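Novice: Please see the structure below; I have some questions.
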């Protein structure tokens, strides 16, 4: 169609027709401009306002899109089409639900229900679909299945392609959650094929394809996910659909992260989540933030990971199991156990549970609860039997290997862990291969196969270093060092030792009572363990209500001590009370045997801690000199029991 324009303004003579033509060719920006011009002239009816909303969506103007839909709702009522108005009410409800405005969303749904009453029009199909999704979200899978099947029936009878695809996708996911994996995938694939073949509206195509890819990802079927990602990207390029590539980028980046290219994955995810925010695509944006959190966790950026997971949670996605695994990495085993147990208690979807159970096994083993780990592994095995993808088989073999190792069956553990290595290799996940090899090394060492154990652990260490996984690399290095020292005897090393101690613990325990004291001490332990881990310290052992910690850097030890005292101060300011802790630090030569240290240097560090006052950091002159500190209080000489020469100490400012 040839546009007639004014020679002075270049504005189309008929902006409404120009807007419709631009929309048909997916020139979203021009469509929005022309339809907005037509709207200013007051010539838009219900269908045109829906077109304006579509153009607003694809130009990342979410608020304008919702406003246009709300006006379209009223226009359809004025034009005598209550069924279309009810459909718009349900669509508007979806928009508000994405924004987290559940009360407004529910009000629009109730309005649609009152308008529609009983019947089987296409609008009733969308109502059934809305009810199915609500029932699934509230933990009523039977009602969800019933409503989804009704939506499919109405979609087939009315030949509404978008409705049918939405309904097939919802029903497919519900069937998979109920264990009918093959039937569920068949429905999802039928809908996705219609989407990438151009049989649906652009919005329905994007949502349907995204659902297919997301389900493949959830079931760790990365090969199938890649196929549908490529098909969706071809569709988006052909149809000039700019919003959904952000969705595809999230899912593609998740697959890339599995391959170990974490920096690239993180950059792609950050770009995608920023784009999706403009499109009001909250659920998929939440997926993106969760994936960012996972990548950062693996890279050792625990604070950044937690921030991303909180962004995901704010947008409606559970932060588990990643957040529980962060707590485990911080040494907060009880907090990790509570987090993963709560997540499982709230999850009925079998495949969602399958994503949580391997983490529960790992955390339960760390907590010494082998029976809980065994139950989790058994449930995981029962779930994945319906569709044992390589990643699921690998996770199961790894879980069983952990349990057998904890049971003392090193030979059985080695068999399972070798199976897991083969399965992870098929998946193409170098990080999981390395993690499994590190476990396999422990099993082999328990079988007195030191040579093969070192071989596996060194391979794991090399991979952790290549990937950029500092926490895992440090743990592997410690294990290698401990193994070498077991064979060669104690090694003399220069380290900085820190001892912490709760001041007045006996009086506090008596004043608070056993239960309150235990809760307070647990908070103290979790807080200090997290700060020590973040500061690069190694907890050698606990000493009553304190810690014996080793650092390879005097500067790090002082920074960690300062962070501890500041954390306690901040807690005191926020709650009115906090435990008072004394800290002593000394740098010296000591004998290291595996993960323990002994010698006069350790003795001096412990005695310096005993000399410190409440809320004080007391360090020896050797420590301050090695750390390059000149701002400490004037050093004083003191005597230490068992040491003939006086020891020079100074209080370190931290406030």
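Bear in mind that the values in this text are calculations on the coordinates, not laboratory data. On a predicted model such as this, the values are computed, not experimentally measured, just so you know. Quick reminder, even Gly has a Cβ in these numbers, built from the backbone with ideal geometry, and neighbours come from all protein chains shown.
Novice: Sort 323, 558, 90 so that the residue with the fewest other Cβ atoms within 10 Å of its own Cβ comes first and the one with the most comes last. Working shown, then result.
Specialist: Details: 323 24, 558 27, 90 20.
Fewest to most other Cβ atoms nearby, the residues stand as 90, 323, 558.
Novice: If you wrap segment 322-488's Cα atoms in a convex hull and average its projection over all directions, what's the area in nm²?
Specialist: 9.4
Novice: Provide 170, 158 in ascending order of the number of other Cβ atoms located within 10 Å of each residue's Cβ, fewest first. All intermediate terms of the calculation are to be shown ahead of the outcome.
Specialist: On the way: 170 27, 158 16.
Fewest-to-most ranking of 170, 158: 158, 170.
Novice: How are the C-alpha pair distances of segment 36-157 spread across 10 Å bins, as whole percents from the shortest bin up?
Specialist: With a bin width of 10 Å, the distribution comes to 14, 40, 34, 11, 2.
Novice: Using only Cα atoms, tell me the angle between helix 390-407 and the longest principal axis of the chain; keep it within 0 to 90° and round to the nearest 10.
Specialist: Tilt of helix 390-407: around 30 degrees.
Novice: For labels at residue 594 and residue 239 in the simple 7 Å Cα→Cβ model, what's the distance in nm?
Specialist: 6.2
Novice: Between residue 639 and residue 314, what is 0.36 nm times their sequence separation minus the Cα-Cα distance? Round to one decimal in nm. Each step should come with its number before you reach the end.
Specialist: Values: separation 325, 0.36 × 325 = 117.00 nm, distance 5.56 nm.
Difference between extended and current length: 111.4 nm.
Novice: Can you give the FRET efficiency to the nearest 0.05 for residue 455 and residue 407, using r as the Cβ-Cβ distance and R₀ = 25 Å?
Specialist: In this case the efficiency is close to 0.55.
Novice: Using C-alpha positions alone, give me the convex hull volume of segment 491-651 per residue in cubic angstrom.
Specialist: Spread over its residues, the Cα hull of segment 491-651 gives 115 Å³ apiece.
Novice: Now a separate question. Roughly what % of DSSP beta bridges within the chain run antiparallel, to the nearest 5?
Specialist: The antiparallel proportion sits near 90 percent.
Novice: Going by alpha carbons, how many degrees (0 to 90, nearest 10) lie between the helix axis of 470-488 and the longest principal axis of the chain?
Specialist: 30
Novice: Sticking with this structure for a sec: Hey, with R₀ at 22 Å, roughly what FRET efficiency would residue 264 and residue 189 work out to, going by the Cβ-Cβ distance, to 0.05?
Specialist: With R0 = 22 Å, the Cβ-Cβ based efficiency is 0.15.
Novice: Still on this structure, please answer the following. Using 0.36 nm per residue of separation minus the Cα-Cα distance, give me the extension gain between residue 67 and residue 511 in nm, one decimal.
Specialist: The residue 67-residue 511 span can extend by a further 153.7 nm.
Novice: What's the Kirkwood radius of segment 77-140 in Å, using all Cα pairs?
Specialist: About 11.9 Å, per the Kirkwood formula over Cα pairs.
Novice: Mind checking the full-extension length gain between residue 569 and residue 118? Use 0.36 nm per residue of separation minus the Cα-Cα distance, one decimal, nm. Intermediate results must be reported in sequence, preceding the final value.
Specialist: Numbers: separation 451, 0.36 × 451 = 162.36 nm, distance 6.31 nm.
Residue separation times 0.36 nm, minus the Cα-Cα distance, leaves 156.1 nm.
Novice: On a 0 to 90 degree scale, rounded to 10, what angle separates helix 141-158 from the longest Cα axis of the chain?
Specialist: Around 30 degrees separate the two axes.
Novice: Within a 10 angstrom radius of the beta carbon, how do 643, 255 rank from fewest other beta carbons to most?
Specialist: In order of increasing Cβ crowding within 10 Å: 643, 255.
Novice: So, in nm, how far is label residue 25 from label residue 466 when the simple model puts each one 7 Å beyond its Cα toward the Cβ?
Specialist: 5.1
Novice: Give the span of segment 257-346's Cα atoms along each principal axis, as three whole-Å numbers ordered largest to smallest.
Specialist: 38, 28, 21 Å, listed from the longest principal axis down.
Novice: Would you mind checking segment 533-551 for residues with the amide N under 12 Å from a putative spin-label position 7 Å along Cα→C-beta of residue 482?
Specialist: What the label zone holds, given the 12 Å backbone N cut-off, is 539-541.
Novice: Once the convex hull of the C-alpha atoms of segment 346-403 is built, how many Å³ does it hold per residue, rounded to a whole number?
Specialist: Enclosed volume per residue, from the Cα hull, is 68 Å³.
Novice: In nm, to one decimal, how far is the residue 157 label point from the residue 74 one, both placed 7 Å along Cα→Cβ?
Specialist: Distance between the two pseudo-spin positions: 3.4 nm.
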